[in-house]
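Below: the structure, in structure tokens.
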Amino acid sequence: MNDRLALGGHQLDSRLIVGTGKYPSPEVMQAAHAASGAAMVTVAIRRISVGQSNGRTLLDYIDRERYAILPNTAGCYTAKDAVLTAQLARELLETDLIKLEVIGDEQTLHPDVRQTLEAAEELVGQGFTVLPYIGDDPVACKQLEELGCAAVMPLAAPIGSGLGVCNPYSLAIIIERANVPVIVDAGVGAASDAVIAMELGAGGVLMNTGIASARDPVLMATAMNHAVTAGRQSFLAGRMQKRLYANASSPMEQLISAR
């Protein structure tokens, strides 16, 4: 299928975006990325190590020919810090892409809506392709879209919780009203969670901990790859109508008498 994910001027062949944190080793991360089929990898700019003992950084383990890098502003608590981090990312990675995160609460890691809106408006004005992490709030998502964000990224559950899609009804409203891709971000813990998000009509799913913290990250990445594809195909196919009572697969009027 010619069913690419468009994020601003960027076209992706996969609707799964993966992260780079919490893996047991860089080599496992590389293998998981390959198994995921992802075309985009997100990197926390504020958490990139200057170098390992072998002189390599996290970026050296990411094939820039194979993956688009989506820098993110994880660790920022103010719009000012997020904008500065985005500017540093553009300078370092030579990309206009930025996943905007402005955290408002240290325990839940829920976003600060006011600061996120402020940062998004400034970054859009500076020519960034802004993908904002936000709560499952239809109003905030619509406001971010109207500011010019290339997508909105509502959480499915708190970051790293693995709780899955906690509020499918809010996500369904966000997706129904959006004129930009809706990327479900945070909280996906199993392949079934990814399927649910995609069957709701999400444009894609971003995940890190669900893969990196699995007992077998590479196998889980493979499962997530299949799940996102299956969920997307199920959404496009259109599910059957739900019914309260049974409806025989072989209606009686179509049966041939056994006499």
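The values are calculated or read from the model by the stated rules, or taken from the named source; none is laboratory data. Quick caveat, the model's predicted, so the values are computed rather than measured. When we count neighbours, we look across all protein chains shown, and the Cβ atoms used for this are built from the backbone with ideal geometry, even at glycine. Ligands, DNA and RNA are stripped out before the accessible areas are found, and what is left, the full protein with its side chains, is counted by its heavy atoms. Shrake-Rupley method; radii C 1.70, N 1.55, O 1.52, S 1.80 Å.
For the reader, a short list of remarks on this structure follows.
- Test: residue in the range 16-33 that is of a type in the set (Val, Ile, Thr), assigned to a helix (DSSP H, G or I) and within 20 Å of residue 219 (Cα to Cα): yes
- Scanning the range 182-217 for residues that are more than 17 Å from residue 156 (Cα to Cα) and surrounded by fewer than 18 Cβ atoms within 10 Å (Cβ to Cβ) returns 213, 215, 216.
- Criterion: within 30 Å of residue 112 (Cβ to Cβ), out of contact with any strand residue (DSSP E or B) (no Cβ under 6 Å at 6 or more places or on another chain), aliphatic (A, V, I, L, M) and not in a helix (DSSP H, G or I) - qualifying residue of 206, 163: 163
- Only residues that are of a type outside the set (D, E, K, R), buried (at least 19 other Cβ atoms within 10 Å of the Cβ) and not in a helix (DSSP H, G or I) were counted across the range 136-154, and they come to 6.
- Selection of the range 85-125 for residues being under 17 Å from the mean Cα position of the chain (by Cα) and closer than 15 Å to residue 69 by Cα yields 97, 98, 99, 100.
- Figure legend. Inter-residue proximity from the range 185-197: first residues on the phi > 0 side of the Ramachandran plot, second residues hydroxyl-bearing (Ser, Thr, Tyr) and buried (at least 23 other Cβ atoms within 10 Å of the Cβ), beta-carbon distance below 8 Å, spacing 6+ or different chains. Indicated pairs: 186/133.
- Search result, residues across the range 166-181 that are open to solvent by 10 Å² or more (accessible area, probe 1.4 Å) and either of a type in the set (A, V, I, L, M, F, W, C) or in a loop (DSSP other than H, G, I, E, B) (or both): 166, 167, 172, 173, 175, 178, 179, 180, 181
- A single member of 198, 224 is closer than 13 Å to residue 19 by Cβ and assigned to a helix (DSSP H, G or I), and it is 224.
- One residue stands out among those in the range 228-254 that are aliphatic (A, V, I, L, M), out of contact with any strand residue (DSSP E or B) (no Cβ under 9 Å at 6 or more places or on another chain) and open to solvent by less than 100 Å² (accessible area, probe 1.4 Å): the one that is modelled with the lowest pLDDT, which is 248.
- Scan the range 94-123 for residues that are assigned to a helix (DSSP H, G or I) and either within 12 Å of residue 83 (Cα to Cα) or open to solvent by less than 20 Å² (accessible area, probe 1.4 Å) (or both) and the total you get is 9.
- Residues within the range 57-87 that are at pLDDT below 95 and either open to solvent by 50 Å² or more (accessible area, probe 1.4 Å) or of a type in the set (Asp, Glu) (or both), tallied: 5
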